[in-house]
Amino acid sequence: MAEAGIIRHASGDWNPGDGHVRLRIEAEKLDQPQDLLIALGDVQAFIVLLLVLSGKAGTSMRRDAESRPTLPLPIDSVGLGEAESGDTVFQLNIGQTTLAFAIPAYASRKLGQSLLALSASSATSPAN
């Protein structure tokens, strides 16, 4: 297998009838862009793999990470639960993908306070 080098640009698309996501990568050691096909059922595991391998997930993550541009995703549902460790589990369902986050007690209190503050301010706004 040839070494691709560092990926300099990635884009992708999805066609519901295809059953996979297509990622197109352009890398420093590749003459032509390459397409990677990921089965829809493997997308969630691929996201987790990238987060873990990049050091952006887990306890080794830097707390002072610089701000990055984000793309808001529409959330279909949100769930809260408790892990055996006592941490809060915050679950987001986005389409067919489910992301679950273990939140320590101090952070879940801050989340709860933020949600209460947001709901209080929206309760005083006139309904349209």
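Values in this text are rule-based calculations from the coordinates and carry no lab data. What you are looking at is a predicted structure, and each value in this text was computed from that prediction instead of being measured. Ideal geometry is used to build each Cβ from the backbone, glycine not excepted, and the neighbour counts take in all protein chains shown.
Remark on I94: its backbone amide H falls under 5 Å from those of D76, L99, a criterion applied only to residues 5 or more positions apart or on other chains, H modelled at 1.01 Å from N. Each peptide in 45-51, 86-92 gets a packing score, the mean of other Cβ atoms within 10 Å over its residues, and the list from highest to lowest is 86-92, 45-51. The length gained by stretching the chain between E28 and T98 to full extension, at 0.36 nm per residue less their Cα-Cα distance, is 21.9 nm. Please give me the summed charge of the neighbours of L37: other residues whose Cβ is under 13 Å from its Cβ, Lys and Arg +1, Asp and Glu -1. Around L37, the surrounding residues sum to -2. Scalar couplings 3J(HN,Hα) for the range 17-34, obtained by applying the Karplus form with A = 6.51, B = -1.76, C = 1.60 to θ = phi - 60°, are x, 7, x, 8, 9, 9, 10, 10, 10, 10, 10, 4, 9, 9, 6, 10, x, 10 Hz; x denotes Gly and Pro. The distance between label points at V43 and I6 comes to 2.9 nm (points 7 Å beyond Cα on the Cα→Cβ vector). Amide H to amide H under 5 Å from L36: which residues, 5+ apart in sequence or cross-chain, H placed 1.01 Å off N in plane? Answer set, sorted by chain and number: L23, R24, I25.
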